[in-house]
1. Label-point separation (nm) for MET50 and SER15, each offset 7 Å from Cα along Cα-to-Cβ?
2. If Lys and Arg each add +1 and Asp and Glu each add -1, what is the summed charge of the other residues whose beta carbon sits under 15 Å from the beta carbon of GLU31?
Amino acid sequence: MHPAKRSEGILAMKSTVAQIAVAMLGAALQEFVYWYDMRSKLDAAKYQRMMHSKVYWFITVGMMWLSGFGTWAWYAVKLNHREPT
C-alpha cells in the first residue's frame with residue numbers, strides 16, 4: 001500500500017472514532033442531566049433501586065453505544081465525503 005493512502009486511512013479512522021466518541025459523549029451528558037433532574041423527584045429507595053439496576057445500566061450503556069454508531073452511520077457519508085481528484 002502506498003504510504004499516502006495508508007496515512008489517509010489512519011486519519012479517516014481517527015476521524016471515525018472521534019465522530020463516534022462525540023456522539024457517545026452527548027448521550028452520556030444527556031443521561032447525567034437526567035439523573036441530576038431525577039435526584040429531587042424520586043424518593044431515596046427508588047433512586048437507589050434504579051442506580052443499582054444492572055438491566056437499567058445495560059440498556060443505558062447500550063443506547064450510548066448505539067447513539068454513537070448510529071450518528072456515525074447517519075452522517076459518515078456527509079462528513080467523510082471528498083471530491084474525486
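Read-outs: derived from the displayed coordinates by stated rules, not from any lab. What you are looking at is a predicted structure, and each value in this text was computed from that prediction instead of being measured. Note that we place each Cβ from the backbone using ideal geometry, even for glycine, and neighbour counts take in every protein chain shown.
1. Label at MET50, label at SER15, 4.0 nm between them.
2. That works out to 0.
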